[in-house]
Amino acid sequence: MSGQISAAFHMADVRDKRITRRRAVAVGELIAGPVAYPLIVERRLPKGDALVMAEIAGLQGAKMASALMPMCHPLPLELVRVYCAPVPERQAIRVWCECASEARTGVEMEALAGVNAALLTLYDLSKPVEPALEISGIRLLFKEGGKSGVWTHPQGMDAGELERFRPRPPKTLGAARCAVITLSDRASRGDYVDESGPVLVQGLQALGGDVVSNEVLADGIEPLVARLRALAADGVRLCLCTGGTGLGPRDLTPEALQALGGRPVPGLAQMLRGLSAQHTPMAWLSRAEVVQLDDLLVIALPGSPRAAAQCMNILTPVLGHALAMMDGGSHA
């Protein structure tokens with residue numbers, strides 16, 4: 001064989017992405033006009049009940065998304081719901097398709113495929129009585145899950161859509177005082193610029209945290225213990241430490257957290273290892289620790305910028321709830 005091997009197209013490689021709960025809702029309308037609209041609503045079209053058939057077609061369309069679009073990943077859909085509602089002021093039928101799955105990639109295309117199939121079915125059943133039909137306004141309403149959290153279309157949602165679908169952004173930190181500490185002998189000497197700390201600062205600020213301290217310390221037990229006690233005394237509620245959780249002789253961050261004498265939170269530490277292992281099996285080598293010291297929650301994370309970003313994404317859905325629980329509030 002000679003010549004360069006290349007491919008014009010390829011599916012996105014999602015093997016290193018983490019499996020998360022994902023949901024998407026798409027919307028669109030059939031502008032039916034004065035003749036077809038009442039027949040659709042009154043279920044009197046010659047071919048039968050278009051609203052019922054549109055819901056069935058939407059379910060089928062969502063499940064066939066990967067067959068219709070070559071680059072679309074086949075997904076095990078766990079939920080497909082199709083809703084049709086008349087809009088009298090526009091003589092239109094508005095259609096929504098809601099899809100959900102636990103997967104490494106989102107379900108936007110499935111929701112859009114469901115809406116399109118439902119609208120085309122409405123069109124097909126209505127055209128015998130009115131050929132001047134129009135399909136319009138097809139768009140993704142919102143999606144949630146994965147690294148980006150909740151994304152909402154710039155056109156927004158009306159009150160009814162918000163009430164029906166209830167997008168679930170993560171609970172914010174509510175301006176809680178936060179700190180970030182990078183543990184690294186080399187970074188503390190100035191041998192390289194810390195990149196992990198700024199990643200965590202950005203993540204905490206995106207959650208509504210007030211980051212009052214971002215610093216670099218040398219590896220070791222006593223300096224970190226002293227700094228964490230000072231942060232707790234200063235009213236800091238959450239401290240993310242990055243670095244020093246590996247198997248090297250100077251990786252002493254877990255020992256420092258144990259020396260604090262606080263209350264271990266093993267579930268969060270295990271969650272970090274287990275979910276990070278979906279990105280890389282090297283995550284099982286991490287000695288990540290989580291400790292509650294009075295009103296301060298301290299979480300030790302790996303030291304690489306990529307691992308810090310992945311752990312921040314893992315923690316985002318639970319950090320706000322953790323602080324609320326520490327305050328005696330509900331975690332629901």
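If you average the C-alpha positions of the stretch 270-309 and of the stretch 1-50 separately, how far apart do those two centres end up, in angstrom? Measuring centre to centre over Cα atoms gives 38 Å. Plainly put, the chain has a radius of gyration that is 1.13 times its Kirkwood radius, both from alpha-carbon atoms, as the Rg/Rh ratio. Taking every protein chain into account, the 1.4 Å probe leaves Lys17 with about 80 Å² of accessible area, to the nearest ten. Computed on the chain, with alpha-carbon pairs under 8 angstrom and 6+ residues apart, the relative contact order is 17 percent. A Förster distance of 22 Å, applied to the separation of the beta-carbon atoms of Ile19 and Leu79, puts the FRET efficiency at 0.90. Helix-only arithmetic for the chain: the sum of -39500 (n - 2.57) across DSSP H runs with n ≥ 4, divided by the residue total, places the mean residue ellipticity at 222 nm at -11000 deg cm²/dmol.
In the elastic network of the chain, a GNM with C-alpha springs shorter than 10 Å, the most mobile of Ser276, Ser66, Ser148 is Ser148. Dividing the radius of gyration of the alpha carbons in the stretch 1-84 by their Kirkwood radius gives 1.18 for Rg/Rh.
In summary, the lysines within cross-link reach of Lys63, defined as a Cα separation below 28 angstrom excluding same-chain residues under 8 places away, comprise Lys17, Lys47, Lys127, Lys143, Lys147. In degrees from 0 to 90, rounded to the nearest 10, what is the angle of the helix 305-326 Cα long axis to the longest principal axis of the chain? Once rounded, the angle reads 90 degrees. Per-residue surface analysis assigns Asp49 an accessible area of about 50 Å², computed on protein heavy atoms at 1.4 Å probe radius. Distance between the C-alpha centres of the stretch 51-119 and the stretch 135-198: 26 Å, rounded to the whole angstrom.
Can you pull the percent of the chain's accessible area that's carbon plus sulfur, 1.4 Å probe, other chains left in place? On the chain, the fraction of accessible area on carbon and sulfur atoms equals 56 percent.
Computed packing ranks the peptides 254-260, 25-31 as 25-31, 254-260, most packed first, by mean other Cβ atoms within 10 Å. The mean of 1/r over all pairs of different alpha-carbon atoms in the stretch 189-332, once inverted, gives a Kirkwood hydrodynamic radius of 15.3 Å.
Solvent exposure of the stretch 83-156, expressed per residue, is 43 Å² of accessible area, with all protein chains present and a 1.4 angstrom probe.
Accessible area per residue for the stretch 192-332 is 44 Å², calculated with a 1.4 Å probe on protein heavy atoms, without ligands, DNA or RNA.
The values are calculated or read from the model by the stated rules, or taken from the named source; none is laboratory data. Here the structure is a predicted model, which means the values were calculated and not measured. Here the Cβ is made from the backbone with ideal geometry for all residues, glycine too, and neighbour counts use every protein chain on show. Side chains are part of the model used for accessible areas, which takes the heavy atoms of the whole protein and leaves out ligands, DNA and RNA. Shrake-Rupley method; radii C 1.70, N 1.55, O 1.52, S 1.80 Å.
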